[in-house]
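The values are calculated or read from the model by the stated rules, or taken from the named source; none is laboratory data. Remember, it's a predicted structure, so these values are computed and weren't measured experimentally. Quick reminder, even Gly has a Cβ in these numbers, built from the backbone with ideal geometry, and neighbours come from all protein chains shown. For accessibility, only protein heavy atoms count, side chains too; no ligands or nucleic acids. Shrake-Rupley method; radii C 1.70, N 1.55, O 1.52, S 1.80 Å.
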Amino acid sequence: MADAAPAPERRPEPRQPGVREVLLVAAVVVALVLAAAALTAVLPREVQAVVFHTPLLIVVLVLGTAVVLWRILRAPSP
(Lines give C-alpha, C1' and ligand atoms only; values in the text may rest on other atoms or scores of the structure.)
Protein backbone atom coordinates (compact mmCIF):
# COMPACT_ATOMS: atom_id res chain seq x y z
CA MET A 1 0.00 0.00 0.00
CA ALA A 2 1.23 3.47 -0.82
CA ASP A 3 1.58 5.96 1.98
CA ALA A 4 -0.72 8.93 1.72
CA ALA A 5 1.03 12.21 1.07
CA PRO A 6 0.94 14.55 4.05
CA ALA A 7 -1.56 17.35 3.79
CA PRO A 8 0.09 20.66 2.92
CA GLU A 9 0.17 23.15 5.77
CA ARG A 10 -2.25 25.99 5.28
CA ARG A 11 -1.41 29.47 6.42
CA PRO A 12 -4.27 31.42 7.92
CA GLU A 13 -5.62 34.24 5.81
CA PRO A 14 -4.48 37.69 6.96
CA ARG A 15 -7.17 39.33 9.06
CA GLN A 16 -8.74 42.52 7.74
CA PRO A 17 -9.48 45.32 10.21
CA GLY A 18 -13.12 45.60 11.14
CA VAL A 19 -15.34 48.55 11.89
CA ARG A 20 -14.33 48.54 15.56
CA GLU A 21 -10.62 48.85 14.74
CA VAL A 22 -11.23 51.59 12.17
CA LEU A 23 -13.33 53.59 14.64
CA LEU A 24 -10.69 53.14 17.33
CA VAL A 25 -7.92 54.45 15.07
CA ALA A 26 -10.14 57.37 13.98
CA ALA A 27 -10.87 58.27 17.63
CA VAL A 28 -7.15 58.19 18.47
CA VAL A 29 -6.34 60.44 15.50
CA VAL A 30 -9.06 62.94 16.49
CA ALA A 31 -7.80 62.95 20.09
CA LEU A 32 -4.23 63.59 18.92
CA VAL A 33 -5.32 66.48 16.70
CA LEU A 34 -7.33 68.04 19.52
CA ALA A 35 -4.38 67.64 21.90
CA ALA A 36 -2.05 69.29 19.36
CA ALA A 37 -4.50 72.19 18.93
CA ALA A 38 -4.76 72.63 22.70
CA LEU A 39 -0.98 72.54 23.08
CA THR A 40 -0.55 75.09 20.32
CA ALA A 41 -3.12 77.38 21.96
CA VAL A 42 -1.13 77.54 25.22
CA LEU A 43 2.22 78.24 23.54
CA PRO A 44 3.66 81.75 23.69
CA ARG A 45 2.84 84.03 20.73
CA GLU A 46 6.38 83.79 19.33
CA VAL A 47 6.24 79.99 19.19
CA GLN A 48 2.73 80.11 17.71
CA ALA A 49 4.12 82.38 14.98
CA VAL A 50 6.73 79.73 14.14
CA VAL A 51 4.05 77.04 13.98
CA PHE A 52 1.61 79.06 11.88
CA HIS A 53 3.92 81.12 9.64
CA THR A 54 6.60 78.61 8.65
CA PRO A 55 6.41 75.40 6.62
CA LEU A 56 6.65 73.35 9.83
CA LEU A 57 3.49 71.36 9.06
CA ILE A 58 4.78 70.52 5.58
CA VAL A 59 8.03 69.21 7.07
CA VAL A 60 6.11 67.08 9.59
CA LEU A 61 3.86 65.67 6.84
CA VAL A 62 6.82 64.86 4.56
CA LEU A 63 8.69 63.13 7.39
CA GLY A 64 5.58 61.20 8.45
CA THR A 65 4.97 60.07 4.87
CA ALA A 66 8.59 58.97 4.55
CA VAL A 67 8.30 56.89 7.74
CA VAL A 68 5.09 55.22 6.56
CA LEU A 69 6.55 54.43 3.14
CA TRP A 70 9.74 53.07 4.71
CA ARG A 71 7.70 50.76 6.96
CA ILE A 72 5.66 49.54 3.99
CA LEU A 73 8.81 48.81 2.01
CA ARG A 74 10.42 47.03 4.96
CA ALA A 75 7.35 44.88 5.71
CA PRO A 76 8.10 41.16 5.58
CA SER A 77 6.66 39.50 2.51
CA PRO A 78 4.32 36.56 3.13
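Normalized C-alpha radius of gyration of region 37-78, against 2.2 N^0.38 Å?
1.72
Provide the per residue accessible area, probe 1.4 Å, for region 22-78, rounded to a whole number of square angstrom. Kindly include the intermediate steps, with their values, before the conclusion.
On the way: 5150 Å² over 57 residues.
Ligands and nucleic acids excluded, the figure is 90 Å² per residue.
Are there any helices in the chain, counted as whole DSSP H runs, that stretch 15 Å or more along their axis by Cα and score at least 1.6 on average by Kyte-Doolittle, and if so which? Write down the numbers at each step before the final one.
Numbers: long enough: 19-42 (35 Å, 2.43); 56-73 (26 Å, 2.67).
TM-like helix candidates: 19-42, 56-73.
Take the chain, mark every one of the trypsin sites (Lys or Arg not before Pro) that falls in a DSSP loop and has at most 13 other Cβ within 10 Å, then report the longest stretch left between them, sites excluded.
16-73
Based on the alpha-carbon set only, what is the convex hull volume of the chain divided per residue, in Å³?
Enclosed volume per residue, from the Cα hull, is 116 Å³.
Please give the charge dipole size of the chain, origin at the Cα centre, charges +1 on K and R Cβ atoms and -1 on D and E Cβ atoms. Round to the nearest 20 debye.
100
Using the charge dipole of the chain (Lys, Arg: +1 at Cβ; Asp, Glu: -1 at Cβ; taken about the Cα centre), state which of Ala31, Pro17, Ala41 has its Cα farthest towards the positive end.
Ala41
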